[in-house]
Structures are given as structure tokens and as C-alpha cells.
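Just below is one structure, and these are the notes that go with it.
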Amino acid sequence: MTADLLIVRALSPAYAGREGELTATLQYVYQSILLGGCGKKEEAKTLLRIAVEEMRHLEEIGGLLVSFGVPPVFTACPPYPVGYYSASNVDHSKPYVQMLEADIRGEREAIALYTRILGSVSDERVRETVTKIRADEERHLALLRQMRASL
């Protein structure tokens, strides 16, 4: 297996896998809309800001995949157009505390995934991007824990 294929296989779950950036983006947007409609405007704004950062991560990882010759298809196993992304991956919990628990769990899973990627990839460009994204996820986790503690 080539080094490039190993990198693609390592990055793919972070792109559009069950716990990937696409799921995070959609989940935070869903929650932001729901909370905004329930009068929790500040909480909605915070989650929307996180969603925008997750969308940037999606774009960055998609760009890395393209740089390795893989189309940015929403699947956890590019370059194969199988196992397309499903919105059923999004946690659609409605009680606010359950939303935060799902988000905290998702951020912990993302941090673990990015840590595994860093342990398996030596390409400096990929490592730099993943290190920056992991730091964002750690910041998201701290913010979400703060939000939960304030309940």
C-alpha cells in the first residue's frame, strides 16, 4: 500500500465518517436552529460558530484528499463512491443537556481520531493541518464543558 493511500484511509473518517467533520457541521447547525427557535439565542450563536469552524475543517480535509488525487465525495471510504454519507449520523437529541452531552462525546471522539491520525501519518503538511484541527476540537470541548457546567 502506498503512503498516499495510507494517508487517504487515515483522513477519510475525519472527512465524512460517522464521527467526522460533516456530521459535526450538520449536528451543530441543527442544534443552533433548534435552540434559536426556543429562545436560547446565545447558545444558538455559540453552536453556530462551532459549526462554521467544523465546516472549515471539512474544507481543509477535503482539500488534503484532493491533493492526494481523491475526489471529495461524501463517503467514509474515498476514492470509492460507496457508503455515501447519511444524515442519520447526526444526533438529533432535543433536550439541551442531551445536545451538549452528544457534542462533548463527539468532540472527544474527534480528538481521539486526530490523535490516531497523527500517530500514523508522517506527511508534514497533513500533520500540520491535523494538529491545528485537533487544537480547535480541544477548544470546542472545553467550551462545551463550560456550557454544560453553567446549567
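Odds and ends about this structure:
- For the listed peptides 127-138, 38-49, a ranking on the average number of other beta carbons within 10 Å per residue, highest first, reads 127-138, 38-49.
- Residues Arg139 and Lys41, FRET efficiency given R0 of 22 Å [Cβ-Cβ distance, rounded to 0.05]: 0.50
- Contact order, relative form, for the stretch 4-151: 26 percent (alpha carbon pairs under 8 Å, 6 or more residues apart, mean separation divided by residue count).
- Ranked Ile50, Ile117, criterion: other C-beta atoms within 10 Å, fewest first: Ile117, Ile50
- Formal net charge of residues neighbouring Gln98 (Cβ-Cβ distance under 13 Å; K, R +1; D, E -1): 0
Bear in mind these aren't lab numbers, they're just calculated from the coordinates by the rules spelled out. As the structure is a prediction and not an experimental result, all values here were calculated from the model. Heads up, the Cβs are rebuilt from the backbone with ideal geometry, glycines too, and the neighbour counts pull from every protein chain shown.
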